[in-house]
Amino acid sequence: MITNIQYIISNHTNPYQNLALEEHLLKTVGEEECILYLWQNEKTVVIGKNQNPWKECKIAELKKDGGKLVRRLSGGGAVFHDLGNLNFTFLVRKNNYDVEKQLEVILRAVNRLGILAKKSGRNDITVEGRKFSGNAFYSDGIHSYHHGTILINVDMSRLSDYLNVAKDKLKSKGVDSVRSRVVNLQEYRPDLNIDIMKEELVNALGEVYGRKPEPRKPILIDTKEVDKLTIKFSSWEWIYGRKLTFSNCFEHRFPWGNIELQFCVSAGVIETCTVYSDSLNTDFIELIAAYLKGCHFTADAMVHALQEVPVEEETSRLQKDIITMISPTKADL
């Protein structure tokens, strides 16, 4: 039985810090506690635990614009966060986990604003059939959380800029996202902002659970542990290095001939590379696969490897063209 209701509002917009604090709160939530954690990420694509980042996100475009890619603990699909979106997380012990009650907090807060919100399916909240909140769930067997988004004034044009990358020849065993019609709540209440939504959520939390919510005391936050978790969430191994295997192909015709590179990638590392070409410079072409094998599947790593391939004057043009084909933006693929 929950006897202690607390809330915490992050003042960070760095997704790695925010997800680190979320996991720390998960590990430290008390037996009879419910914590409501409110947080925002700036220009971030968040992918589910078992998703392929190269399939879900236009990584090069995101990084070029100063955005961040992060992988969360929970499953589900990829989402774009900016400061027009408010994230919430309910953290409890598993025996106190009640998704219907937790969703009621969101529904009540939004309905009190004069917006008729409804639960749709297993993990969406909608207005007039349009989604403004997607939800996901995680448990370590003892502790559980339920988190999600609330779209207040998100820049919808950015959704297509960074999400749902269409690589025709990429075949993945990861979990693909399902795109839905989405809507900002400001369409229904133009004066709504993030601060108003935060206040309504804290008020609704108290109403649903029948107790006055109290801010979580800073002394209960182990900043050193949060720092360690921040390093984890920002690491290559966590974001890209999961054991997801996929194939990809780059192909182009240049004045000197056609070239096709076929990759098999596992845990973000090129396991095999096969090269096909009708170029007359066969010696150089045959070296490419050996130099790319074992590289991280990022533009920087692959460009560096290709720059190490020995070239003569007549093959330097080939080397430059292949580097441009792989990574015209010199960012992650």
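The residue that is surrounded by the most Cβ atoms within 10 Å (Cβ to Cβ), counting only those in the range 178-206 that are in a helix (DSSP H, G or I) and among the hydrophobic types (A, V, I, L, M, F, W, C), is LEU205.
Taking the numbered list (1) without any contact (Cβ under 8 Å) to a residue 40 or more places away in the chain; (2) under 25 Å from CYS57 (Cβ atoms); (3) of a type outside the set (Gly, Ala, Ser) in turn, CYS249 passes all entries but (1). Taking the condition at pLDDT 95 or above and farther than 23 Å from ARG93 by Cβ, does ASN193 pass? Yes: the conditions hold for ASN193. Annotation: GLU225 fulfils all but one of (1) under 30 Å from PHE132 (Cβ atoms); (2) within 27 Å of the chain's Cα centre (by Cα); (3) among the charged types (D, E, K, R); the unmet one is (1).
Within the set GLU104, GLU100, the sole residue that is of a type in the set (D, E, K, R) and either modelled with pLDDT of 95 or more or within 17 Å of ILE8 (Cβ to Cβ) (or both) turns out to be GLU104. Considering only the range 56-77, I want to know if a residue exists there that is among the charged types (D, E, K, R), part of a helix (DSSP H, G or I) and in contact with a helix residue (DSSP H, G or I) (Cβ under 8 Å, 6 or more places away or on another chain). Taking every residue of the range 56-77 in turn, at least one turns out to be among the charged types (D, E, K, R), part of a helix (DSSP H, G or I) and in contact with a helix residue (DSSP H, G or I) (Cβ under 8 Å, 6 or more places away or on another chain). Filtering the range 207-221 for residues that are assigned to a helix (DSSP H, G or I) and in contact with a strand residue (DSSP E or B) (Cβ under 7 Å, 6 or more places away or on another chain) leaves a non-empty set. Select from the range 138-165 the residues that are among the polar types (S, T, N, Q) and under 23 Å from THR89 (Cα atoms) and write down the one among them that is surrounded by the most Cβ atoms within 10 Å (Cβ to Cβ). Within the range 138-165, the match that is surrounded by the most Cβ atoms within 10 Å (Cβ to Cβ) is THR149.
Within the range 224-249, restricting attention to residues that are closer than 21 Å to GLY75 by Cβ and assigned to a strand (DSSP E or B), the residue that is most open to solvent (accessible area, probe 1.4 Å) is THR245.
Within the range 203-256, being of a type outside the set (Val, Ile, Thr) and touching a Lys or Arg at 6+ places or on another chain (Cβ under 7 Å) holds for ALA204, GLY206, GLU207, TRP238, LEU244, PHE246, SER247, ASN248, CYS249, TRP256. When GLN102, GLN17 are screened for being assigned to a helix (DSSP H, G or I) and without any contact (Cβ under 8 Å) to a residue 60 or more places away in the chain, only GLN102 passes. Of the numbered criteria (1) touching a Gly at 6+ places or on another chain (Cβ under 9 Å); (2) within 19 Å of ILE231 (Cα to Cα); (3) not aromatic (Phe, Trp, Tyr), the one VAL70 fails is (1). Across the range 1-58, which residue is surrounded by the fewest Cβ atoms within 10 Å (Cβ to Cβ) among those that are among the polar types (S, T, N, Q) and farther than 23 Å from ASP140 by Cβ? Per the stated criteria, the residue is ASN11.
Here the range 61-82 is the region considered, the condition is being surrounded by fewer than 23 Cβ atoms within 10 Å (Cβ to Cβ) and in contact with a Ser or Thr (Cβ under 7 Å, 6 or more places away or on another chain), and the residue that is farthest from ALA204 (Cα to Cα) is LYS64.
Here is the figure for the range 294-321: residues that are open to solvent by 80 Å² or more (accessible area, probe 1.4 Å) and either within 31 Å of the chain's Cα centre (by Cα) or touching a residue at least 40 places away in the same chain (Cβ under 8 Å) (or both) total 3. Under the condition of being under 25 Å from PRO15 (Cα atoms) and touching a Leu at 6+ places or on another chain (Cβ under 8 Å), the residues counted in the range 188-212 number 9.
The values are calculated or read from the model by the stated rules, or taken from the named source; none is laboratory data. Fair warning: this is a prediction, and the values are worked out from it, not measured in the lab. Positions of Cβ are generated from backbone atoms using ideal geometry, with glycine treated the same way; all protein chains shown enter the neighbour counts. All accessible areas refer to the heavy atoms of the entire protein, side chains included, with ligands and DNA or RNA removed. Shrake-Rupley method; radii C 1.70, N 1.55, O 1.52, S 1.80 Å.
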